[in-house]
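Undergrad: One structure coming up, written as structure tokens, with questions to follow.
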Amino acid sequence: MVQGGTVTHGYINQPELTARHHILSPFHPYPVRYWRTGDYGYLDDDGKLHYKGRRDHMYKINGYRIEIGGIEAAVASLEEIHELCITISKSSDKSNIICHYSLVENARLEESSALIRLRDLIPSYMLPNLFLEYKELPKTSSGKVDRTLLNQFST
């Protein structure tokens, strides 16, 4: 079981933000506050907690806080890119930042050149480790890029 009280009093001078994240535990019969982290998961029939991901696409890799949106904005600035999605693949010993992308018609992407240009836009710890090209990225029924399916492709 994963549990534990928070050691923080909240965000400095931001009471509304603190109120959204510093909540009363719904699991205890007595008042205790917990920090809503943005992680989500589910309990299976055996009571085991399974981690599913983040609501805000924030990850920690090698001690660095990484926002996927920042990486996506940098990659989107490359003129060859038509559409993209960044995912994180975690194994027991390593995390990889994966860039799933499709190209503008008749364009080519040289990964080494792309990495050189991206180094001017984002820190080296945010650079993709792997580039996977698609003719078209998979979509959900609502027309958004299907991150769940892309995560399955990259594990």
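Nothing in this text is a laboratory measurement; each read-out follows from the coordinates by a stated rule. Everything quoted here is computed from the prediction, not taken from an experiment. Here the Cβ positions follow ideal geometry from the backbone for every residue, glycine too, while neighbour counts run over all protein chains shown.
Undergrad: Would you mind estimating how fast the stretch 102-145 diffuses translationally, via Stokes-Einstein at 10 °C and 1.306 mPa s with the Kirkwood radius over Cα pairs, in µm²/s?
TA: The diffusion coefficient I find is 127 µm²/s.
Undergrad: Using R₀ = 41 Å, calculate the FRET efficiency as 1/(1 + (r/R₀)^6) where r is the Cβ-Cβ separation of SER124 and GLN152; round to 0.05.
TA: 0.90
Undergrad: Right, here's the next one. Non-local amide H neighbours of VAL104 (under 5 Å, H modeled in plane, Pro and chain starts lacking H): which ones?
TA: ILE81, HIS82
Undergrad: Taking the Cβ-Cβ separation of THR140 and SER25 as r and a Förster radius of 35 Å, what is the calculated FRET efficiency to the nearest 0.05?
TA: Taking R0 as 35 Å, the efficiency between THR140 and SER25 is 0.60.
Undergrad: What are the lysines whose alpha-carbon lies under 20 Å from the alpha-carbon of LYS135, with same-chain residues fewer than 8 places away excluded?
TA: Straight-line reach from LYS135, under 20 Å: LYS144.
Undergrad: So what are the ³J(HN,Hα) numbers for the stretch 59-71, from phi and the Karplus equation (6.51, -1.76, 1.60; θ = phi - 60°), rounded to whole Hz, Gly and Pro as x?
TA: Running phi through 6.51 cos²θ - 1.76 cosθ + 1.60 with θ = phi - 60° gives 9, 10, 10, 6, x, 9, 7, 10, 9, 4, x, x, 5 Hz.
Undergrad: Once Rh is set to the Kirkwood radius over Cα pairs, what Stokes-Einstein translational diffusion coefficient, in µm²/s, holds for the stretch 79-155 at a temperature of 37 °C and a viscosity of 0.692 mPa s?
TA: Result for D is 246 µm²/s.
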